[in-house]
Amino acid sequence: MPRFSSIVWMAAGTAVGGLTAPVFAQHYPAKPVRVVVPFPPGGSVDVIARLISPKVSELMGQQFVIDNRAGASGNIGAEIVARAAPDGYTLLAHTIPLVANQYLYSRVPYEILRDFTPVCLLSASPALLVVHP
C-alpha cells in the first residue's frame, strides 16, 4: 500500500508541475546603470571608468553613466552607493581608500562587508616606496 501511495503522489506532482508557466529572469540591465566615481573628473579612477564604460554599454545594450561625486577621500560617493537600492543599477568605481578609510576616520557612513559586493577588478597599478639609504 505505501508503494501505491508514493506513485500516486509522484503522478500528481508531475501533473501539477506541467501546469505551471516557465519563469524567466529579467534581462539586465533593463535601464541605464549609474557608475559613481567618488573622485574628481580627470583622475585615474575617472579615466578608467570612462574608458571602460562605452565598451560595457555596447556589450550590455544599455548606458553606463559616470557620476562623479568627489569629496572626503571617496566617502561621499561610497555613501551614495551604500544607500542606493541593492538592484545592480548603482555601481561604485573605487580604490584603496574604500577599505582604508574605516581605519583613518572615526566614522564612515558605510560598512564594507555589509554594504558592498565586489563585481570585478578594473585595473591594477603597482606602488613603490623609496627612501634615501
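To keep it simple, each residue is scored yes or no on (1) open to solvent by 90 Å² or more (accessible area, probe 1.4 Å); (2) within 18 Å of TYR89 (Cα to Cα); (3) in contact (Cβ under 8 Å) with a residue 40 or more places away in the chain; (4) part of a helix (DSSP H, G or I).
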{"site": "GLN26", "(1), (2), (3), (4)": "yes, yes, no, no"}
{"site": "PRO29", "(1), (2), (3), (4)": "no, yes, yes, no"}
{"site": "PRO41", "(1), (2), (3), (4)": "yes, no, no, no"}
{"site": "VAL45", "(1), (2), (3), (4)": "no, no, yes, yes"}
{"site": "PRO54", "(1), (2), (3), (4)": "no, yes, no, yes"}
{"site": "GLU58", "(1), (2), (3), (4)": "yes, yes, no, yes"}
{"site": "GLN62", "(1), (2), (3), (4)": "no, yes, no, no"}
{"site": "ASP67", "(1), (2), (3), (4)": "no, yes, no, no"}
{"site": "ALA70", "(1), (2), (3), (4)": "no, no, no, no"}
message: Against the condition touching a Phe, Trp or Tyr at 6+ places or on another chain (Cβ under 7 Å), modelled with pLDDT of 95 or more and in a loop (DSSP other than H, G, I, E, B), how does ALA78 come out, does it pass?
response: no
message: Suppose we keep only residues that are part of a helix (DSSP H, G or I) and among the aliphatic types (A, V, I, L, M) within the range 81-95. Which one would you say is farthest from LEU122 (Cα to Cα)?
response: ALA82
query: Does at least one position in the range 44-58 carry a residue that is aliphatic (A, V, I, L, M) and over 17 Å from the mean Cα position of the chain (by Cα)?
result: yes
- request: Select from the range 96-115 the residues that are among the β-branched types (Val, Ile, Thr), over 14 Å from VAL81 (Cβ atoms) and either modelled with pLDDT of 95 or more or not in a helix (DSSP H, G or I) (or both) and list them in ascending order.
  value: ILE96
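The values are calculated or read from the model by the stated rules, or taken from the named source; none is laboratory data. Fair warning: this is a prediction, and the values are worked out from it, not measured in the lab. So basically every Cβ, Gly included, is an ideal-geometry build from the backbone, and we count neighbours across all protein chains shown. SASA here: full protein model, heavy atoms, side chains in, ligands and nucleic acids out. Shrake-Rupley method; radii C 1.70, N 1.55, O 1.52, S 1.80 Å.
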